[in-house]
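To keep things clear, I will list the structure first and then write my remarks on it.
The values are calculated or read from the model by the stated rules, or taken from the named source; none is laboratory data. This is a predicted model, so every value here is computed, not measured. Don't worry about glycine lacking a Cβ; one is built from the backbone with ideal geometry, like all the others, and counts go over all protein chains shown. Please note that ligands, DNA and RNA were not included when accessible areas were found on the heavy atoms of the full protein model with its side chains. Shrake-Rupley method; radii C 1.70, N 1.55, O 1.52, S 1.80 Å.
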Amino acid sequence: MFRQNRLIIAPFVMAFIALIAFAHPVRAADRGALERFLEVTGFDVALDSIRLSADSAPEMLGLQTEDFGSEWSRLVGDVFDTQLMHDMAMDILAETLSDDLLDHAASFYASDLGRRLVDVENKAHMTEDDGVKAESGVAIIAGLEQIDSPRLETLRRLNVASDVEEISVRAIQEVQIRFLLAAAGAGVIELQMEEPDLREMMRAQAADLGAQIAANALANAAYTYQSFSDDALAAYAVALEQPKMQQVYTLMNAVQYEIMANRFEAVAARLAAMQPSQDI
């Protein structure tokens, strides 16, 4: 369901959640319904796949996972614990996701088309990024461009609809900033610039990052949905563009990125005991 970029800050995320909660001042879904929602939409698998983003953490600090030996696998297993992330999501959703929005999203993903989509999305979430998927997606895109296929526009619609308010760039940059500040606070690195300068540098890189995200997302969608007909994908785009589904995606993306940022901060705290300080 929720296609994430492998790599927002808490106030940013919680602002989205507050808007959703304010817009729907009704009883939130009960936890049993939420458990079923996570499964039928595939959000439980999307949460579990957050741990795959952990491999980008050392690179942001100028290190490699190999620098930590076997300790790295243990750290990732502890910090990105499936049950812990699941419970974090449940706690937030229990207070913010209304029955109305839950029922709307769950009814679509429980349909024949929805179940097929969740199946391929779950597999895509948990596939290690070994380059094969990306290369295959790029090749598919090239072929579609060569014949000027309308399928390209449908794939773009899917990506725009799932990235509500185009928050991916801001989300990735805020995860990076939050992680770097946590690492500096833990003594893992020594930042050579103040936070305002770091943020300004990120803003200057936003356009290039956005273009990269869009290209990667398009290739990923082309690969993930290659077994679906053009009509099926068009129906999916229409479903994602519905106002209620847009609100669900806003909330789900916020929850997912908050958990990612929270876990990256936890990684920073653990690295302090594993690695000598580095300049960055």
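Close amide H pairs (under 5 Å, H built 1.01 Å from N) link ILE189 with ALA184, GLN278, residues at least 5 positions away or on another chain. To put it simply, the accessible area of the range 208-280 at a 1.4 Å probe is 50 percent carbon and sulfur. Only Lys, Arg, Asp and Glu carry charge here, each on its Cβ (+1 for the first two, -1 for the last two); on that basis the chain has a dipole of about 420 debye about its Cα centre.
Protein heavy-atom accessible surface, 1.4 Å probe, per residue over the range 27-69: 42 Å². Each principal axis of the Cα atoms in the range 124-235 has its own extent, and those three values, largest first, are 52, 27, 24 angstrom. Mean residue ellipticity at 222 nm, helices only, the chain: -23000 deg cm²/dmol; runs of at least 4 DSSP H residues each add -39,500 (n - 2.57), and the sum is divided by the number of residues.
When all alpha-carbon pairs of the range 65-163 are counted, what percent fall beyond 21 Å? Summing the P(r) of the range 65-163 above 21 Å gives 61 percent of all pairs. Taking θ as phi - 60° and the Karplus parameters 6.51, -1.76 and 1.60, the scalar couplings of the range 49-61 work out to 6, 4, 4, 5, 6, 4, 5, 7, 4, x, 4, 5, 9 Hz in sequence order, x denoting glycine and proline.
Quarter the surface of the alpha carbon convex hull of the chain and you get the mean projected area, 14.7 square nanometres. Compare the Cα positions of TYR109, ALA182, ALA124 along the charge dipole of the range 86-188 (+1 at Cβ of Lys, Arg; -1 at Cβ of Asp, Glu; about the Cα centre) and return the one farthest towards the positive end. Farthest along the dipole direction, towards plus: ALA124.
In the context of the full set of protein chains, the range 187-280 has a per residue accessible area of 46 Å² (1.4 Å probe).
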